[in-house]
Amino acid sequence: LGDVYKRQLVDSVDREYLVRHNYPGANVPVTEWSGKTLLIDLMAARYILTPFEFSSASAGDGRRFGMVDRGPMLVYVNRRAFPRAWIARPERIIDETPQTLHQLRNGDLNPIRSLMLSPMPERRIVYPDGTQGIASARIRYGRGAGLNARGGAIRDETLIIDVDCPQDAYLVLADTHYPGWVAEVDGQPATIYRAFGYFRAVQIPAGEHIVAFYYRPLTFSVGKTFSLITLATYLLLLLVQVFFFSKSKPDTRRD
């Protein structure tokens, strides 16, 4: 970024401005909020851009955050950030309630051992050790998956993930849980659960599998259906008009 844009960015997040306009949390010291960043970790936020310098306490003495760039805006690396897609083998499944959401926002949950899902699965996969273990979840970057080299979908409504896990588990995706998304595991429909209040998760069986997420909102399906009905009606009326026109046309042939 150029210096002008950096300055504009700094001004846009100026704390005094935010406090003056009563933005929630604007007057909270960095040392307080930086210890409650579990949601930021689960969002797969690898870097944090801020005009305010973290103290050694908030940075965890260099273990929690590490500065990678100093300028008008400070850039910190978040060493606890989760990957965008990861395999969970939790010790327990917890329900999404006001109490558990409060714990999540305060950073009082261990997301490796406690997986928050809504609705609660009929079949709950849990493990005594509550660990990620030996497993992998890789977003496919090839052209066949419709993704570019940076992992972003060329068609934003499609996401393909290759998973490999020796045991039944959950695939957690840091993308927002939103109506209209459907999931398939090896081409078979799969239930999407809301994970940690905001993200997506699906159950996966042991072994290597392909998990696909597609954005298919109801409004699109309804619109497509009405469009097909309208087209069919138009073609039918056109055929009827042509038929009656040919019948009503006088015979000009001479004997």
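Among residues of segment 63-79 that are under 13 Å from Tyr47 (Cβ atoms), those with a Cβ under 8 angstrom from a residue that is of a type in the set (Asp, Glu) and surrounded by 14 or more Cβ atoms within 10 Å (Cβ to Cβ), sequence gap 6+ or separate chain, pair up as Asn78/Asp41. Checking each residue of segment 114-132 against the condition of being at pLDDT 80 or above and touching a Gly at 6+ places or on another chain (Cβ under 7 Å) gives at least one match. Candidates in segment 64-115 are the residues that are closer than 18 Å to Arg200 by Cβ and small (Gly, Ala, Ser); of these, the one that is surrounded by the most Cβ atoms within 10 Å (Cβ to Cβ) is Ala88.
The values are calculated or read from the model by the stated rules, or taken from the named source; none is laboratory data. Since the structure is predicted, the reported quantities are computational estimates derived from the model, not experimental observations. As a convention, Cβ positions derive from the backbone with ideal geometry for all residues, glycine included, and neighbour counts pool all protein chains shown.
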